[in-house]
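Taking it in order: structure first as structure tokens, then the write-up.
The values are calculated or read from the model by the stated rules, or taken from the named source; none is laboratory data. Being a predicted model, the structure only gives us computed values, none of them experimental. Quick reminder, even Gly has a Cβ in these numbers, built from the backbone with ideal geometry, and neighbours come from all protein chains shown.
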Amino acid sequence: MSFRAFQVEKTDTGFVRSVVDREDDQLPQGELLIDVHYSSLNYKDALSATGNPGVTRVFPHTPGIDAAGVVINSNDSDFAEGDQVIVIGFDLGMGTAGGFAQRIRVPASWAVKMPEGLDAHTSMRIGTAGFTAAECVQKLEQSGMTPASGPVLVTGATGGVGSVAVKLLAGLGYEVVAVTGKADQHEFLRSLGAVEFMTREEAAEGAEKPLLPERWGGVVDTVGGDILFNAVKSLRYGCSAAACGLVAAPNFAASVLPFILRHVNLLGIDSVQLPITEKAAIWSRLATDWQMDLADLEETLTLNSLSDAIDRILAGQMVGRGVVDLSAED
Ligand SMILES: NC(=O)c1ccc[n+]([C@@H]2O[C@H](COP(=O)([O-])OP(=O)(O)OC[C@H]3O[C@@H](n4cnc5c(N)ncnc54)[C@H](OP(=O)(O)O)[C@@H]3O)[C@@H](O)[C@H]2O)c1
């Protein structure tokens, strides 16, 4: 059967994006054929669409590291036709044709059954970005963070990971301080629960100093670079920072002083290869005690509007979550 897909082709003049018709038999091998109802846009999809070799090497390619929909054919005894599923991470949208298409075929080991309390649309408002925010908060809490630990810093706060982190933390009773480069989005961030704001420049001040005054009870960092290590240098005694992103820079100048004088922790966060049982457990929390109404964070996208959104996310201009409606006729 034929279906519509967003496709990136490598040409002599660069990477060209278009919406094309594809056939089921052009999809890779896998036990589950899935009708994708919703996907979502993540920073990594923009890297894939612009030929970043650390993400995608073989073109033509359909990006989309997220997909939610219904199984229409299963060769795995754990899944049946009609099951609603979520697939995020692993190789989806990187080396394997991804969720910016009305159909995917994937190994059953990549899929999580839709937990009660979520559906395809609400799960893709969360998507990899929101899931990663939840993973950060879970690991910080496992490391001892509570609302009594002190204010929590969220960097890249208007972005996909950042905005969901602000909303989740505020809902759990944390005092959230947001780092944002978008002065015109303070009201939006306040509506999610942030109570104080810093510019990116303020967050990067003092990068040459070995320690900064103790301030944060926890940090969710999506940007890396000096902003991340400044945040580590400003952690209160025994507290932790979760690092998940690199939009500012992958490198930072570090010293051991915060670790050996303040007993702080730098926690690594990866949502891609996280074992499927741990993925299912976090989705289950997001469907129950961590359930959030993210409608206000959503910008609805279609296959045809994706290209423009990819340019905006690369320029750091997206706000909230881009949710791709695969049923939209445009
Ligand atoms: N480890 C994992 O498994 C995992 C999973 C998901 C995402 N990530 C990573 O997390 C990062 C964020 O992803 P996302 O989907 O949230 O991206 P996003 O929606 O583009 O958000 C990133 C935000 O960072 C801020 N920003 C942009 N350029 C910046 C710069 N040069 N310096 C400082 N801040 C800047 C912007 O927010 P403000 O304008 O508010 O400052 C931007 O909205 C990416 O690096 C992504 O690859 C990792």
Q: Might you check whether a residue that is away from the ligand (no atom under 16 Å from the Cβ), β-branched (V, I, T) and in a loop (DSSP other than H, G, I, E, B) occurs anywhere in region 278-289?
A: yes
Q) Would you say N251 is of a type in the set (S, T, N, Q) and away from the ligand (no atom under 13 Å from the Cβ)? A) yes
Q) Of all residues in region 236-284, which are without any contact (Cβ under 8 Å) to a residue 60 or more places away in the chain, of a type in the set (G, A, S) and over 30 Å from D45 (Cα atoms)? A) S255
**Q.** Every pair of residues 6+ apart whose Cβ atoms lie under 7 Å, when the first sits in region 306-319 and is closer than 15 Å to G98 by Cβ and assigned by TED's automatic domain parsing to the domain that holds R17 while the second is surrounded by 16 or more Cβ atoms within 10 Å (Cβ to Cβ) and of a type in the set (S, T, N, Q)
**A.** none
Q. For region 201-248, what are the residues that are of a type outside the set (A, V, I, L, M, F, W, C), more than 21 Å from Y174 (Cα to Cα) and surrounded by 16 or more Cβ atoms within 10 Å (Cβ to Cβ)?
A. G224, G225, D226, G245
Q | Where a residue in region 208-229 is closer than 18 Å to A148 by Cα and its partner, wherever it lies, is within 10 Å of the ligand (Cβ to nearest atom) and outside any loop (DSSP other than H, G, I, E, B), with Cβ under 6 Å and at least six apart | A | V220/C136; V220/V154; V220/A165; V220/A242
**Q.** Candidates V154, V85, V106, filtered to the one that is crowded, with 24+ Cβ neighbours inside 10 Å, touching a residue at least 40 places away in the same chain (Cβ under 8 Å) and away from the ligand (no atom under 16 Å from the Cβ)
**A.** V106
Q. Among (1) closer than 22 Å to V137 by Cα; (2) out of contact with any helix residue (DSSP H, G or I) (no Cβ under 9 Å at 6 or more places or on another chain); (3) surrounded by 14 or more Cβ atoms within 10 Å (Cβ to Cβ), which single condition is P275 missing?
A. (3)
Q: Quick one: count up the residues across region 45-66 that are in a helix (DSSP H, G or I), surrounded by 24 or more Cβ atoms within 10 Å (Cβ to Cβ) and near the ligand (Cβ under 10 Å from one of its atoms).
A: 1
**Q.** Exclusive hit being in contact with a His (Cβ under 7 Å, 6 or more places away or on another chain) and closer than 15 Å to Q142 by Cβ, set G268, G238
**A.** G238
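Residues are listed down the side, and each one gets a yes or a no for (1) surrounded by fewer than 24 Cβ atoms within 10 Å (Cβ to Cβ); (2) more than 28 Å from Y38 (Cα to Cα); (3) within 8 Å of the ligand (Cβ to nearest atom):
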{"position": "W110", "(1), (2), (3)": "yes, no, no"}
{"position": "A120", "(1), (2), (3)": "yes, no, no"}
{"position": "L140", "(1), (2), (3)": "no, yes, no"}
{"position": "T158", "(1), (2), (3)": "no, no, yes"}
{"position": "V179", "(1), (2), (3)": "no, yes, yes"}
{"position": "F188", "(1), (2), (3)": "yes, no, no"}
Q | Boolean, L301 is within 16 Å of the ligand (Cβ to nearest atom), aliphatic (A, V, I, L, M) and over 15 Å from the mean Cα position of the chain (by Cα) | A | yes
Q) Of the conditions (1) under 20 Å from F197 (Cβ atoms); (2) in a strand (DSSP E or B); (3) within 18 Å of the chain's Cα centre (by Cα), G322 fails just one. Which one is it? A) (1)
Q. What's the number of the condition A243 fails, among (1) modelled with pLDDT of 95 or more; (2) away from the ligand (no atom under 15 Å from the Cβ); (3) farther than 21 Å from G93 by Cβ; (4) of a type in the set (A, V, I, L, M, F, W, C)?
A. (2)
